[in-house]
Amino acid sequence: MLYEKRGPVATVTMNRPDYRNAQNSAMTYALDRAFYRAAGDGEVKAVVLAGAGKHFSAGHDIGTPERDAHLPFDRRAGLWWDHSDKEGAESRFARESEVYLGMCRRWRELPKPVIASVQGACVAGGLMLAWVCDLIVASEDAFFADPVVRMGIPGVEYFAHPWVMPPRVAKEFLYTGDRMGARRAYEVGMVNRVVPREELADRTRELALRVAEMPRLGLALTKRAVNQAEDLQGLHTGLDSVFGLHHLAHAHNAETAPDALGGMDIRAMKKAGG
C-alpha cells in the first residue's frame, strides 16, 4: 500500500499491480491502516483511493501465491473471533464479517470525502472498494463486473448493487456477469465522471482539491446525512440480509461442489468470461 499526502489530499494506492491489485488480507488491513491515518491527520480534507498499474482491482484474492485467507490477523472491524483455527461456515462467516462487510462498512463512514480513481478492471471485491467511496472518477477504459453468480453466489459481500444502480440494471449486471463500461456506469449514475486514461490521476486530484475547499465539519456532516438517507432506504439492513444469503450459497457449494466457491478458481472464471 502506498500513501502520499500533497496539501489537503491524501492518496492511498493499492500496490499489487502484478496481480491486478487482487485483495488479500495483508492488503485489506494495510488499506484500513491507511484510511485511519488519513482520518486522523488534521491537514487532510479529502482522500483518493487508487490502484497501481493497469487495473484498479480485480477483486478478492482467490488464487495468487500470496493468498493469505487462512492466516490470523488482528481484528479491527468487528467482534467476531479469529477464523484461522475454526472450520466450515464458522470460519468463513467470521473472516468475511471482518475483512469484507465489516471493513467496508467502516470505510464508508470515514468522516472525510473519499474519491475512487478507477481504471481498467473494477471487479467483484473491487466494486466494494469503489462503492464505499463518496465519488467515483473512472477512466474511459474502466469496466465494472460482478461475475460471482457463476459461483452460485448472489453478488459480493457488500451488496450495494440496488443502491448504486437501478434495480433492473442491478439484476442484469448480476444475472449476466457481463462487464459494464465506464460510459454505461456513468449513465446509470454509478460513477460521477469519465475521463481519458492519461488524465485520470490529475482530474481526480482536481476534484479532490475542489471538495477540500469546503469546511471539514461541513463535509463530515453532509457525508453522514447522505449515508443516513441511504440507510433509511434500506442499505444497512439490506447488507445484513444479503450477507446471510451469501453465506448460505457458500455452505451449499461446500456440500455439493468441490469447494465453497463452487469449484471456480481464477482460470475457471476467466474461461467463463469473468
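The values are calculated or read from the model by the stated rules, or taken from the named source; none is laboratory data. Predicted model only: the values in this text are computed from it and were never measured. Note that we place each Cβ from the backbone using ideal geometry, even for glycine, and neighbour counts take in every protein chain shown. Surface areas here come from the heavy atoms of the whole protein model, side chains and all, with no ligands, DNA or RNA. Shrake-Rupley method; radii C 1.70, N 1.55, O 1.52, S 1.80 Å.
Of the helices (runs of 4 or more DSSP H) lying entirely inside the range 125-234, those carrying at least 1 residues that are out of contact with any helix residue (DSSP H, G or I) (no Cβ under 7 Å at 6 or more places or on another chain) and within 25 Å of Ser25 (Cβ to Cβ) are 125-131. A single member of His60, His55 is farther than 19 Å from Leu101 by Cβ, open to solvent by 30 Å² or more (accessible area, probe 1.4 Å) and in contact with a strand residue (DSSP E or B) (Cβ under 7 Å, 6 or more places away or on another chain), and it is His55.
Quick check on this structure: which one of Glu206, Glu172, Glu213 is of a type outside the set (Gly, Ala, Ser), farther than 21 Å from Pro113 by Cα and either at pLDDT 95 or above or surrounded by 16 or more Cβ atoms within 10 Å (Cβ to Cβ) (or both)?
Testing whether each residue is of a type outside the set (Gly, Ala, Ser), farther than 21 Å from Pro113 by Cα and either at pLDDT 95 or above or surrounded by 16 or more Cβ atoms within 10 Å (Cβ to Cβ) (or both) leaves just Glu172.
Of the residues Val132, Val123, Val118, the single one that is in contact (Cβ under 8 Å) with a residue 24 or more places away in the chain, within 17 Å of Val148 (Cβ to Cβ) and either open to solvent by 40 Å² or more (accessible area, probe 1.4 Å) or among the β-branched types (Val, Ile, Thr) (or both) is Val123.
For the range 104-120, residues that are under 12 Å from the mean Cα position of the chain (by Cα) and either of a type in the set (Asp, Glu) or closer than 22 Å to Leu174 by Cβ (or both) total 5.
Residues checked against (1) in contact (Cβ under 8 Å) with a residue 24 or more places away in the chain; (2) open to solvent by 30 Å² or more (accessible area, probe 1.4 Å); (3) under 19 Å from Pro17 (Cα atoms):
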site	(1), (2), (3)
Arg67	yes, yes, yes
Trp81	no, yes, no
Gly88	yes, yes, no
Ala94	no, no, no
Met103	yes, no, no
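Looking across the range 144-163, the residues that are surrounded by fewer than 21 Cβ atoms within 10 Å (Cβ to Cβ) and either among the hydroxyl-bearing types (Ser, Thr, Tyr) or more than 29 Å from Leu219 (Cα to Cα) (or both) come down to Val149, Arg150, Gly152, Pro154.
Kindly indicate which of Val188, Val226 is surrounded by 14 or more Cβ atoms within 10 Å (Cβ to Cβ) and either more than 30 Å from Pro8 (Cα to Cα) or modelled with pLDDT of 95 or more (or both).
Val188
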